[in-house]
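Read-outs throughout are calculated quantities, based only on the coordinates presented, and are distinct from any laboratory measurement. Remember, it's a predicted structure, so these values are computed and weren't measured experimentally. Cβ placement follows ideal geometry from the backbone for every residue including glycine, while neighbour counts extend to all protein chains displayed.
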């Protein structure tokens, strides 16, 4: 079966979606882009021209394009403030939906979308493409194999200075809402732990070109008496970290460090008879070689396979809401100056 998909939101992010679809032969045989939707029709037309989508229906109203094309799938690439309306429209018209992150612009909207997805019986998932990269999969496999014992600490540093322009520079809580969710979701995935509470300090440092919240420092309490700490800034000029953060996992037997790129090291206690016993280096298992490490393309493949088979996709919305709860918990803590309990009861 070939699924008919409408791509809603034709800005710069949409190009990554179309490249991922066109570069995977399996996807190109299973998904046909039949419609493009954007409030600015010139942007949609330019995207169609760039990617050779000569036969697609182009419009500014999602419902009309879905009905005109008889689409059964929607790829949601709109700005977060428009997500709820887009996803609601698509689900009500019988479409499966894969959305850009974040899942929603608030926890209330997220819970409403989850309820609607359950009511309509459609697959609803989120593009957490950072889960599907080699480094994150290697960390997950090492933890599952018990390489460093029981994980008690996950510590991530994220310091970059991207000059995006556009909507990000006008957003509130820009780092937490638009970027930190990648690391939050990956920390939850790698550790297998669930978030319980958070204390966060959010600032907009001197020299920031963002309107609000370009820096955040958060401490999460996780299940199993574990802790996850995040230190980040999107206006940190100078020597940067990776986009995937710099990681240190602490376990009952040892530690794993990952620089977010190619630098991995797993160490356990050495045998030196002194106050500090030194360390011994262990090999780290490789990433799975089964299509799980191709980022956006892997998310799309997982989503399409879930629609076909009836299983849940890895980034299904009723799991992803746990990562979103970490973001909004951190935002609430930063606003109040108090620790915030994290709960997604019923999901």
GNM on the chain, Cα springs under 10 Å; top mean-square fluctuation among 309, 152, 233 goes to 309
When the convex hull of the Cα atoms of the chain is projected onto a plane and the area is averaged over all directions, what value comes out in nm²? 18.7
Connecting every pair of Cα atoms under 10 Å apart in the chain and solving the GNM, the largest mean-square fluctuation among 128, 194, 55 falls on 55
Per the Cα gyration tensor, segment 76-136 corresponds to an equivalent ellipsoid with semi-axes, largest first in Å, of 21, 13, 10
Against the 2.2 N^0.38 Å scaling, with N counting residues, where does segment 95-230 land? I'd like the Cα-based Rg ratio to two decimal places. 1.17
Taking the chain as the reference, fit the longest principal axis to its C-alpha atoms, fit the long axis of helix 181-191 to the helix C-alpha atoms, and give the angle between the two in degrees, 0 to 90, nearest 10. 60
For the chain, give the share of DSSP beta bridges that are antiparallel, in percent and rounded to the nearest 5; count only bridges with both residues there. 60
Which whole-number percent gives the relative contact order of segment 1-157, counting Cα pairs below 8 Å spaced six or more residues apart? 19
Measuring from label point to label point, each 7 Å out along Cα→Cβ, what is the residue 39 to residue 2 span in nm? 3.3
Cα-Cα P(r), segment 3-122, percent of pairs per 10 Å interval: 14, 48, 32, 5
How tilted is helix 107-120 with respect to the longest principal axis of the chain? Cα atoms for both, answer in degrees (0 to 90, nearest 10). 60
By count of other Cβ within 10 Å, fewest leading, how are 197, 25 ordered? 25, 197
Relative contact order for the chain: what percent, with Cα pairs under 8 Å and sequence separation of 6 or more? 18
Can you compute the helix-only [θ] at 222 nm over the chain? Use -39500 (n - 2.57) per DSSP H run of at least 4 residues, normalise by all residues, nearest 500 deg cm²/dmol. -10500 deg cm²/dmol
In whole angstrom, the spacing between the Cα centers of segment 72-115 and segment 272-286 equals 47
Whole Å is fine, so just give me how far the alpha carbon centre of segment 176-216 lies from that of segment 1-48. 30
Least to most buried among 220, 159 (fewest other Cβ within 10 Å first): 159, 220
Over the chain, with a Gaussian network built from C-alpha contacts below 10 Å, which listed residue (218, 112, 180) shows the highest mean-square fluctuation? 112
Figure the gain on full extension for residue 311 and residue 269 (residue separation times 0.36 nm, minus the Cα-Cα span) and round it to one decimal in nm. 10.9 nm
Label model pair residue 259, residue 50: point-to-point distance (7 angstrom along the Cα→beta-carbon line) in nm is 3.2
Proxy reagent accessibility, fewest Cβ within 10 Å first, across 318, 230: 318, 230
Helix 41-50: angle to the longest alpha-carbon principal axis of the chain, degrees 0 to 90, nearest 10? 80
